[in-house]
1. Being part of a helix (DSSP H, G or I) and over 21 Å from Y316 (Cβ atoms) is the filter here, so list the residues in the stretch 486-501 that pass it.
2. Being of a type in the set (D, E), more than 24 Å from F310 (Cβ to Cβ) and under 19 Å from the mean Cα position of the chain (by Cα) is the filter here; which residues of the stretch 342-399 pass it?
3. Which of the residues belonging to the stretch 244-264 are over 18 Å from L195 (Cβ atoms) and part of a loop (DSSP other than H, G, I, E, B)?
4. Looking at (1) in contact with a Leu (Cβ under 8 Å, 6 or more places away or on another chain); (2) surrounded by 20 or more Cβ atoms within 10 Å (Cβ to Cβ), which one does I365 not meet, given that it meets all the others?
5. Do the conditions hold for G419, that is, is it at pLDDT below 85, touching a His at 6+ places or on another chain (Cβ under 6 Å) and away from ligand 2 (no atom under 16 Å from the Cβ)?
6. From (1) at pLDDT 70 or above; (2) within 16 Å of ligand 1 (Cβ to nearest atom); (3) under 18 Å from E255 (Cα atoms), pick out the condition that doesn't hold for Q376.
7. Tally up the residues in the stretch 502-541 that are under 17 Å from K485 (Cα atoms) and either small (G, A, S) or not in a loop (DSSP other than H, G, I, E, B) (or both), please.
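The values are calculated or read from the model by the stated rules, or taken from the named source; none is laboratory data. All values reported here derive from a predicted model rather than from experimental measurement. Here the Cβ positions follow ideal geometry from the backbone for every residue, glycine too, while neighbour counts run over all protein chains shown.
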Amino acid sequence: MVKNKKGIKTKTSFVIVLTAVVVVIMGGVLVCQPVSSCYGPHITAAISSTEIYINESVTVTGTVCLGTEEETRSLEVRVTFVRPDYSWVDQVIIADNETGAFTVTQQLDMAGYWNVFPILGHINDRLGVTVIDPSADPSIVQPIVGSPFNPNPLLIAAAVTTVSIGAVFAVTGLKKKTRKISSFRLFIQVGLVFLIFFGMFIDHEILPQPASKIPVHEFLVGTNVAGVEMQDGFPVPFFGCYYPCGRTVTCALWEIQTYIYPFWEGARGWGVDYNSSGLVRLAVVFAVIIVLSILLGKAFCGWVCPFGLFMDLLTYLRKALKIPHRDFSEDFNKKFHQFGYVILALIILLSVMFGSEAIAGTQLIPGTEEGGFIYQYFSAPFCQVCPMKPFCVLLESSVGLIRFEWITQVTTGQFYELGYYVTSLNLLVLGVVIAVSFFYRRAWCRICPMGALIALFNRFPPFKWVSVLRLDKKEEKCTKCGICKRVCPTQVTEVYDKKSGDVTTSNCILCLRCVEMCPYEDALQLKVAGKTLIKSRNWLE
Ligand code: SF4
Ligand code: SF4
Ligand code: SF4
């Protein structure tokens with residue numbers, strides 16, 4: 001009891017200290033930036049109309065501000081008008097030397113939804129306009145000529161090669177008694193990555209409405225498949241990152257952040273128009289997360305998450321190079337894991353503080369108004385440091401799905417500059433995560449806020465009582481050999497330490513490596529709604 005109290009006290013102090021450190025760092029970032037007037041390079045723009053007839057023109061007016069330290073920077077503004085078929089027209093203009101104002105007019109020659117990006121160096125604003133063709137009779141359904149999809153052969157070849165290699169590994173592994181589950185899991189992980197980014201393989205042009213209002217190359221499960229009003233796609237509790245094109249689902253963390261700020265009030269989003277309030281959208285997101293977390297829990301992390309797969313591949317690489325893994329001390333690992341909840345709490349806290357004007361009518365943080373410092377650089381604060389974003393975006397630009405200069409421009413800017421997709425902070429975090437995860441298995445998963453979110457709705461009462469998947473242990477079958485503890489990628493110790501019954505913990509990603517490696521018949525089992533699905537087997541004989 002005394003030990004427990006001490007443990008809780010240590011954990012609480014650890015969480016308080018870490019929160020204080022992160023708040024001080026964030027505060028420092030805010031205080032160090034002059035948040036009014038010309039705080040640094042930024043661009044704000046407006047469009048003359050959001051709905052016009054085909055071949056009419058729109059005028060984009062805006063202001064750029066370079067910031068005091070940037071006086072030598074060019075005032076050159078590029079305005080990119082992206083057609084519904086994702087071809088585009090660029091207009092380059094020089095903003096007024098004194099005021100930073102610019103104006104540009106463009107005739108829009110294609111019916112559908114146009115995205116308009118006024119761009120200043122590394123940063124941009126995003127506008128949209130719907131172009132209507134009055135001669136097109138909406139009651140006439142246009143027949144789809146030929147295949148409904150226009151396949152991308154390069155990507156399909158890459159997919160087929162990867163799945164074939166995965167199948168060979170899986171079949172070879174299935175013959176080994178101690179690799180059966182891992183091989184099957186790898187195969188499922190690889191296959192699901194292709195499902196998550198299925199939109200990469202098809203042409204976007206022929207997709208039905210409302211796909212024309214959604215960014216490039218998407219085929220969203222929520223909108224295109226289920227036809228429901230989730231304009232950003234179906235929220236899922238794993239890193240199906242919002243930013244790369246081609247995704248079929250949406251990152252739940254992105255939705256939570258942006259629906260609080262800056263999209264609390266509905267109306268315009270990035271490339272979509274919302275017809276419900278932020279609160280309604282958040283309710284839908286949380287309902288989906290809760291249901292999925294109860295059903296699958298952190299099996300998402302072990303079996304579905306693309307970033308989890310990436311870390312597993314790093315482990316395979318390390319093993320191939322015959323480099324032994326390293327472990328954190330048990331005590332440190334437990335405290336480190338708590339940091340995921342701190343990050344999650346901070347994400348929500350920061351988003352609420354940023355959105356205070358829309359939510360409560362009082363602006364708590366200067367610079368959160370449209371065009372302000374926070375609006376330009378720190379809306380969706382976690383996305384500016386998240387390692388998944390550069391990983392996805394760089395991969396996609398390498399196969400030509402994202403304009404490469406959108407990424408290279410950013411890495412040369414200020415560390416916090418948003419650019420189109422990636423900040424230098426994203427790249428730094430990804431670099432550190434790769435380096436650490438190479439030696440420490442699934443290192444990021446131990447502090448991942450997405451993992452923490454799933455654990456919240458799966459491992460804590462009352463959700464824990466109704467969670468569908470769990471690991472069970474039979475005390476009488478366990479010989480305390482310690483194999484389960486050694487093979488666990490997230491260094492869970494409870495499977496070894498606990499005597500019997502439910503041994504699932506919030507750090508467990510349900511990878512089932514412990515079940516696979518346990519050499520004693522029936523000592524460990526994966527239970528689905530109370531029924532044993534998989535159990536440990538004596539593989540020594
Ligand atoms: S950057 Fe990270 S948190 Fe943001 S949408 Fe992508 S995966 Fe989600
Ligand atoms: S913990 Fe996070 S990064 Fe790891 S597998 Fe789960 S969602 Fe992905
Ligand atoms: S406890 Fe078992 S199932 Fe959970 S992460 Fe560790 S090895 Fe995987």
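1. Correct list: E494, V495, Y496, D497.
2. Just the residues of the stretch 342-399 that are of a type in the set (D, E), to begin with: 357, 369-370, 396.
If we keep only those that are more than 24 Å from F310 (Cβ to Cβ) as well, we get 357, 369-370.
None - no residue of the stretch 342-399 is of a type in the set (D, E), more than 24 Å from F310 (Cβ to Cβ) and under 19 Å from the mean Cα position of the chain (by Cα), so the list stays empty.
3. Here is the first cut: in the stretch 244-264, the residues over 18 Å from L195 (Cβ atoms) are 253-264.
Within the stretch 244-264, Y261, P262, F263, W264 qualify.
4. The failed condition is (2).
5. Working: at pLDDT below 85: yes; touching a His at 6+ places or on another chain (Cβ under 6 Å): yes; away from ligand 2 (no atom under 16 Å from the Cβ): yes.
Here the answer is yes, as G419 does meet what is asked.
6. (2)
7. Within the stretch 502-541, residues that are under 17 Å from K485 (Cα atoms) and either small (G, A, S) or not in a loop (DSSP other than H, G, I, E, B) (or both) number 13.
Table: residues versus (1) more than 16 Å from ligand 1 (Cβ to nearest atom); (2) in the same structural domain as K319 (by TED's automatic domain parsing); (3) touching a residue at least 12 places away in the same chain (Cβ under 8 Å); (4) out of contact with any strand residue (DSSP E or B) (no Cβ under 9 Å at 6 or more places or on another chain).
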{"residue": "I483", "(1), (2), (3), (4)": "yes, no, yes, yes"}
{"residue": "T490", "(1), (2), (3), (4)": "yes, no, yes, yes"}
{"residue": "E521", "(1), (2), (3), (4)": "yes, no, yes, no"}
{"residue": "V528", "(1), (2), (3), (4)": "yes, no, yes, no"}
{"residue": "E541", "(1), (2), (3), (4)": "yes, no, no, yes"}
